[in-house]
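The values are calculated or read from the model by the stated rules, or taken from the named source; none is laboratory data. Since this is a predicted model, take the numbers as computed values, not measurements. Cβ placement follows ideal geometry from the backbone for every residue including glycine, while neighbour counts extend to all protein chains displayed.
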Amino acid sequence: MFFLLFGISLLFTIQSHSYHKSKFINSANFLTGGIYNSVNNINSYFNLKSQNQLLSEENKRLRSLLINNGFKTDSIFTDSLMFNKSYRFYTSNIIKNSYSLSTNILTINKGKNDSIKQDFGVISSKGIIGIIDKTSNNYATVISILNTTSKISAQLKKTNHFGTLTWNGKSPEFAQLIDIPKIAPVKTGDTIMTSGRSSIFPKGVPVGIVENFKLDQAENYYEINLKLFNDMTNIEHVYIIENVNTSEINNLFNE
Amino acid sequence: MNNIFSVHTVRFITLVICQVLILNHINFMGYINPYIYILFIALFPIKNSRITLIVLSFLIGLTIDLFLDTGGIHAGASVFIAYARPVILKTSFGTIYEHQSIKFNTVDFGSKLTYFALLTVVHHLVLFSLEIFSFSKILLVLQKTLFSSIFTILLSVIITIIFSRKSK
């Protein structure tokens, strides 16, 4: 009996350590999602102030973009969202945050009913958060960038040298960018953003700034320690990004 | 019988809710969380069969896993301590265990502390090894085990003192 149950739990553990394996132990189901959602309804009052601050900062930034790029705000509103746009945005709230484990997974309150699917990107007003993993009707789980199995393509802002964004499981403030070629001119304080090489995130989503860097063991690539723009311990309002052309891109790869 | 059953159901639900909604948000120093749901396993009556305890531990672990998206690490660790509990009972209580007559309210404090400490350390060691799942980070496992164990032991002793019925 012991070995049977211990074996089952080991199986679940191994599944959870491999990326996107089908499993049914996740918090995007009716029961856990429901409980987290109702608790979050109460908890969200406690950090209303800081979240409002974040949102108004973003509004300020977007408004200055809008004015400076000469858009007319008084024109007749037409739903031009779908014309020539390759990314679609959805808003959502984090109802369960996690950052102290080595495989952190968040839960959000949008799901299949809001046409959220696996492999959509999740960002906040400050930068990257993660990738949608499992969805139920009303909830979805997000593989955080603070997850040792997460691998996202990212690059330096000033040049096009790209590498893989990973996490070593130590501090929720820092992530690691590996496989940056030795020839790249890396400096402390440089900005790192997503590269747009995968079909999940568009190019230019901010990630963090270079804190320190060193050559790896083979001395061919840099390992960069970067400070994330997001405070992963305090996130609530997020945006989900859908790449409308994902299926086309994937078809191209499979041909 | 019915009374014992309902007591344990209530304890099961309360500990899971407490663990998931309160204790997992402590994150003291970034990663230190107490895991007091193992009190359910620790305080389970000794006379009941071993299979029942193992199945129930699996259930409580799996429920925690469901909430925390951690695969099967809590289930694994809980089943492990449920399986190892007789050995731990024997080492910490000695001869009283042989007579199957331990009342957790009446045993002396020292052996109770040893019992909780052993159970917690074993549980956390399995838990964090499964969570991190890599031999190269063995130091991180030991570090997390040490600090979280201290926190858990402290909290579970306090809880048992507060909630123990005074035997008059």
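Reported count of residues in the range A:96-111, each being aliphatic (A, V, I, L, M) and farther than 11 Å from residue A:142 by Cβ, is 1.
When restricted to residues that are modelled with pLDDT of 80 or more, surrounded by 12 or more Cβ atoms within 10 Å (Cβ to Cβ), under 23 Å from residue B:21 (Cβ atoms) and more than 7 Å from every other protein chain (Cβ to nearest Cβ), the range A:1-49 contains 10.
Of the residues making up the range A:158-170, those that are more than 14 Å from chain B (Cβ to nearest Cβ) and without any contact (Cβ under 8 Å) to a residue 40 or more places away in the chain are A:158, A:159, A:160, A:161, A:162, A:164.
Among the candidates A:126, A:96, A:182, A:158, single out the residue that is closer than 24 Å to residue A:15 by Cα and charged (D, E, K, R).
Within the list A:126, A:96, A:182, A:158, the selection yields A:96.
Search the range A:229-255 for residues that are under 23 Å from residue A:114 (Cβ atoms) and pair each with any residue that is part of a helix (DSSP H, G or I) when their beta-carbon atoms are under 6 Å apart and the residues are at least 6 apart or on different chains. The qualifying pairs are A:236/A:51. Among the criteria (1) out of contact with any helix residue (DSSP H, G or I) (no Cβ under 6 Å at 6 or more places or on another chain); (2) modelled with pLDDT under 85, the one residue B:97 does not fulfil is (1). Contact map, the range A:198-226: residues that are part of a loop (DSSP other than H, G, I, E, B) paired with residues that are among the small types (Gly, Ala, Ser), Cβ distance under 6 Å, separation 6+ or inter-chain. Pairs shown: A:198/A:153; A:200/A:121; A:201/A:121; A:202/A:196; A:203/A:196. Restricted to helices (runs of 4 or more DSSP H) entirely inside the range B:5-100, those with at least 1 residues that are within 8 Å of another protein chain (Cβ to nearest Cβ) and surrounded by 23 or more Cβ atoms within 10 Å (Cβ to Cβ) are B:50-68, B:73-93.
Among residues of the range A:92-109 that are closer than 16 Å to residue A:123 by Cβ and away from chain B (no Cβ under 12 Å), those with a Cβ under 6 angstrom from a residue that is part of a loop (DSSP other than H, G, I, E, B) and of a type in the set (A, V, I, L, M, F, W, C), sequence gap 6+ or separate chain, pair up as A:94/A:235.
This table checks each residue for (1) under 13 Å from the mean Cα position of the chain (by Cα); (2) closer than 28 Å to residue A:146 by Cβ.
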site	(1), (2)
B:22	no, yes
B:29	no, yes
B:40	yes, no
B:48	no, no
B:53	yes, no
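Looking only at the range A:116-137, how many residues end up being over 26 Å from residue A:176 (Cα atoms) and either among the aliphatic types (A, V, I, L, M) or at pLDDT 90 or above (or both)?
Of the residues in that region, 1 qualify.
Does at least one position in the range A:69-87 carry a residue that is among the hydrophobic types (A, V, I, L, M, F, W, C), touching a Lys or Arg at 6+ places or on another chain (Cβ under 9 Å) and modelled with pLDDT of 70 or more? Scanning the range A:69-87 turns up no residue that is among the hydrophobic types (A, V, I, L, M, F, W, C), touching a Lys or Arg at 6+ places or on another chain (Cβ under 9 Å) and modelled with pLDDT of 70 or more. Inclusion of residue A:120 among residues that are over 21 Å from residue A:234 (Cα atoms), in contact (Cβ under 8 Å) with a residue 40 or more places away in the chain, buried (at least 21 other Cβ atoms within 10 Å of the Cβ) and not basic (Lys, Arg) is warranted.
Determine whether the range A:201-208 contains at least one residue that is at pLDDT below 90, closer than 19 Å to residue A:169 by Cα, touching a strand residue (DSSP E or B) at 6+ places or on another chain (Cβ under 8 Å) and crowded, with 18+ Cβ neighbours inside 10 Å. Checking the range A:201-208: not a single residue is at pLDDT below 90, closer than 19 Å to residue A:169 by Cα, touching a strand residue (DSSP E or B) at 6+ places or on another chain (Cβ under 8 Å) and crowded, with 18+ Cβ neighbours inside 10 Å. Candidates A:230, A:234, A:243, A:225: the one that is under 27 Å from residue B:26 (Cα atoms), in contact with a helix residue (DSSP H, G or I) (Cβ under 9 Å, 6 or more places away or on another chain) and of a type in the set (S, T, N, Q) is A:234.
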